[in-house]
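Trainee: Sharing a structure here in structure tokens format.
The values are calculated or read from the model by the stated rules, or taken from the named source; none is laboratory data. Note that the structure is a prediction, hence the values are computed from the model and not measured. With ideal geometry, Cβ positions are generated from the backbone for all residues, glycine too; neighbour counts draw on all protein chains shown. Calculation scope for accessible area: heavy atoms of the full protein, side chains included, ligands and nucleic acids excluded. Shrake-Rupley method; radii C 1.70, N 1.55, O 1.52, S 1.80 Å.
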Amino acid sequence: MNLPGQMMYTPLLLSSVLQQAARHFDSVEIVSRRVEGDIHRYTYRDCHARAMQLANALTSRGIAAGDRIGTLAWNGYRHMELYYGVAGIGAVCHTINPRLFPEQITYIINHARDRLICFDASFAPLVEQIAPQCPHVEAWIMLCDEKDLPDAFPLPIESYETFISGHAQQISWPQFDEQQAAVLCYTSGTTGNPKGVLYSHRALTMMAYASVAPDAFCLSATDTVAPVVPMFHVNAWGLPFSAPLVGARLVLPGPRLDGESLWTLFEQEGVTVSAGVPTIWLGLVDYMRRVGKHSDRFGRAIVGGAACPPHLARSMRELGIKAVHAWGMTELSPLGTVCAPSNSYRDKSVEERACIDAKQGRAIAGVDLKVVGTDGAELPWDGNSAGNLMARGHWVLSHYYGTDQTALENGWFATGDVATIDAEGYMQITDRSKDVIKSGGEWISSIELENIAMSHPEVEMAACIAAEHPKWDERPLLIAVRRPGSALTASQLLAFYDGKVARWCIPDDVVFVAELRLTATGKLQKLALRQRFGKHFVEPHASKA
Ligand code: ADP
């Protein structure tokens, strides 16, 4: 006979996370650098009060459970209120990535059928451009005071402060099924249309609990956390939920993400932990070196979204910052692995430790991983066998929004990444499956070749792509950006690979370009590079830089 446990049951709802912070960490600050340029400060208690006020405003406007409310906004306190106020009443906060193409944004808004869109003033020109193509949107709300609304705007807009004013800062948060949707985020759709990933309250709350653990983000009430990773893409890696969960102070940097702006804010606010993609940290390191800064308080930077090149981790360490490597994706809410030391780490040499730190890390509690071969059979955890990386767990997607077709293969989600897992469970991404270089039946890791190129002192940025080859099917071609003033040649850069990888893995050629563009989520635009340079070995004249 079943014997039910006799513990209290409360659904895992996001409202409970902020409510807890407002009661137990009431005077802890949320500091925001606003689009207007000034610094705004208030507390978790204030944030909760205004999230309740927003919830009442939304309800009085007829917004109900399941309705989607879009946001086009930087990291700031009003965005935080939207996360909690919208999801708190069972509606869905749909964060939209403003770095996507306007056509993609229009597609996303229409696909999600957003009823309202709340946007930062800096996105007013974008709103002006897309609004005529979004007939279902009932109101466009600018995240500002009434007095800051533009004088002449070609469509009716409201100010957020007027929208919420007059409503009570008190609500009894509705209790509903924790499996209900809280947040919607679309993938960036590098191939085909963006796909919606609908996060449940349960998934986001559980990930927040798991992510604060010492071997994950290691967050506590003594921390001041600055998510640089945007709240408009995969919930800034869940930090707006995990920071209040432990009562950490939050610093939200708004739109200015260059090295100098970040350093000034971090120093001023005593930031201890931050999170962002590698290019953010490259910008910070460049600035700190240029002006001779060294970090004392800012001790940890979580690096994810793209591989953290070992030379970047080294530069950060020299400046007093530990790079903590993490891996995830939109479909994983996004957290899959974090690289933290294992029991045997203390016995390892400096070189061995650097090798471990360069890996993407071990699965955090609540996520399970495996690598499989092309036949679907699981590969050994030997640190060598590279295969398709599969994931399952409490915050892994099962269906894309708007489809009832499962996204799973026998209960596992195929991440589209190629990886190895070693005997201690450390996973290392060798490639996106569409970026791997298939040469004469062997797979060559583009990430490894990029990391070597970027460790050359005269290389600013590098991408390695598979270029068609008449004999080997594909061969690696390196596309690189020289540092200012450098006259590095292709043969010098290729010689730099000697002894670092097997000879047959060394790129066949290098093309130097003036810049390498990044996608809307901070990754190298390899698809565009393949289109431009993919025939370099078969029609060399077709790919002149
Ligand atoms: P999209 O750009 O499609 O929205 P995401 O922003 O969800 O994708 O990014 C997910 C992908 O980013 C992963 O599948 C992986 O290829 C890459 N990625 C994320 N973190 C890392 C990392 N630490 N190292 C290497 N690749 C990473």
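Trainee: From Ser27, Ser15, Ser32, grab the single residue that is of a type in the set (Ser, Thr, Tyr), open to solvent by less than 50 Å² (accessible area, probe 1.4 Å) and not in a helix (DSSP H, G or I). Before the answer, list the steps.
Mentor: Values: Ser27 fails: open to solvent by less than 50 Å² (accessible area, probe 1.4 Å); Ser15 fails: not in a helix (DSSP H, G or I).
Exactly one residue qualifies, and that residue is Ser32.
Trainee: Do we have any residue at all in region 271-289 that's at positive phi, outside any strand (DSSP E or B) and surrounded by 19 or more Cβ atoms within 10 Å (Cβ to Cβ)?
Mentor: No - not one qualifying residue is present in region 271-289.
Trainee: Just to be sure before I move on: is Pro341 of a type outside the set (S, T, N, Q) and loosely packed, with under 15 Cβ neighbours inside 10 Å in the structure I sent? Spell out the reasoning first.
Mentor: Working: of a type outside the set (S, T, N, Q): yes; loosely packed, with under 15 Cβ neighbours inside 10 Å: yes.
Yes; evaluated as a whole, the condition is true for this residue.
Trainee: Where residues in region 316-332 are within 10 Å of the ligand (Cβ to nearest atom) and of a type in the set (Gly, Ala, Ser), which of them is least open to solvent (accessible area, probe 1.4 Å)?
Mentor: The extreme case among them is Ala326.
Trainee: Ok, one more. Scan region 299-312 for residues that are crowded, with 24+ Cβ neighbours inside 10 Å and either assigned to a helix (DSSP H, G or I) or more than 12 Å from the ligand (Cβ to nearest atom) (or both) and jot them down.
Mentor: Ala301
Trainee: Oh, and also: Can you tell me which residue within region 234-267, out of those that are in a loop (DSSP other than H, G, I, E, B) and open to solvent by less than 30 Å² (accessible area, probe 1.4 Å), is nearest to the ligand (Cβ to nearest atom)? Spell out the reasoning first.
Mentor: Taking region 234-267 and keeping what is in a loop (DSSP other than H, G, I, E, B), we get 247-248, 253-258.
Those still in the list that are open to solvent by less than 30 Å² (accessible area, probe 1.4 Å) too: 247-248, 253-254.
Numbers: Gly247: 28, Ala248: 23, Pro253: 19, Gly254: 21 Å.
Checking each candidate, the answer is Pro253.
Trainee: Please pick out the residue among Val137, Val86, Val127 that is in contact (Cβ under 8 Å) with a residue 24 or more places away in the chain and within 14 Å of Leu54 (Cα to Cα). Show your work before the answer.
Mentor: Details: Val137 fails: within 14 Å of Leu54 (Cα to Cα); Val127 fails: within 14 Å of Leu54 (Cα to Cα).
Checking each option against the conditions leaves just Val86.
Trainee: Look at region 413-446 and say how many of its residues are surrounded by 19 or more Cβ atoms within 10 Å (Cβ to Cβ), within 13 Å of the ligand (Cβ to nearest atom) and not charged (D, E, K, R).
Mentor: Here the count works out to 13.
Trainee: If you don't mind, another one. Within the set of pairs 6 or more residues apart or between chains, which connect a residue that is at negative phi inside region 56-70 to a residue that is of a type in the set (D, E, K, R) and surrounded by fewer than 16 Cβ atoms within 10 Å (Cβ to Cβ) with Cβ atoms less than 7 Å apart?
Mentor: Arg68/Arg113
Trainee: Condition first: more than 20 Å from Val197 (Cβ to Cβ) and either open to solvent by 10 Å² or more (accessible area, probe 1.4 Å) or assigned to a helix (DSSP H, G or I) (or both). Can you find one or more residues in region 104-118 that meet it?
Mentor: Among the residues of region 104-118, not one is more than 20 Å from Val197 (Cβ to Cβ) and either open to solvent by 10 Å² or more (accessible area, probe 1.4 Å) or assigned to a helix (DSSP H, G or I) (or both), which makes the answer no.
Trainee: Moving to a separate point now. Please count how many residues of region 452-500 are part of a helix (DSSP H, G or I) and open to solvent by 40 Å² or more (accessible area, probe 1.4 Å). Let's see the steps before the verdict.
Mentor: First pass over region 452-500, keeping only residues part of a helix (DSSP H, G or I): 452-454, 490-495.
If we keep only those that are open to solvent by 40 Å² or more (accessible area, probe 1.4 Å) as well, we get 491-492, 495.
Residues that pass the stated criteria total 3.
Trainee: Looking at region 211-226, which of its residues are surrounded by fewer than 22 Cβ atoms within 10 Å (Cβ to Cβ) and either without any contact (Cβ under 8 Å) to a residue 12 or more places away in the chain or among the hydrophobic types (A, V, I, L, M, F, W, C) (or both)?
Mentor: Val212, Ala213, Cys218, Ala221
Trainee: Which of the residues spanning region 501-520 are in a loop (DSSP other than H, G, I, E, B), in contact with a Ser or Thr (Cβ under 7 Å, 6 or more places away or on another chain) and open to solvent by 20 Å² or more (accessible area, probe 1.4 Å)? Please lay out each step first, then the result.
Mentor: Going through region 501-520, the residues in a loop (DSSP other than H, G, I, E, B) turn out to be 501-502, 506-508, 513-517, 519-520.
Adding the requirement that they be in contact with a Ser or Thr (Cβ under 7 Å, 6 or more places away or on another chain) leaves 519-520.
Thr519, the sole residue that qualifies.
Trainee: Looking at this structure, is Val229 aliphatic (A, V, I, L, M) and either away from the ligand (no atom under 14 Å from the Cβ) or within 28 Å of Leu13 (Cβ to Cβ) (or both)?
Mentor: Details: aliphatic (A, V, I, L, M): yes; either away from the ligand (no atom under 14 Å from the Cβ) or within 28 Å of Leu13 (Cβ to Cβ) (or both): yes.
In short, yes.
Trainee: Let me ask something additional. Among the residues of region 160-182, are any closer than 20 Å to Arg113 by Cβ and either surrounded by fewer than 18 Cβ atoms within 10 Å (Cβ to Cβ) or within 16 Å of the ligand (Cβ to nearest atom) (or both)?
Mentor: No, that holds for no residue.
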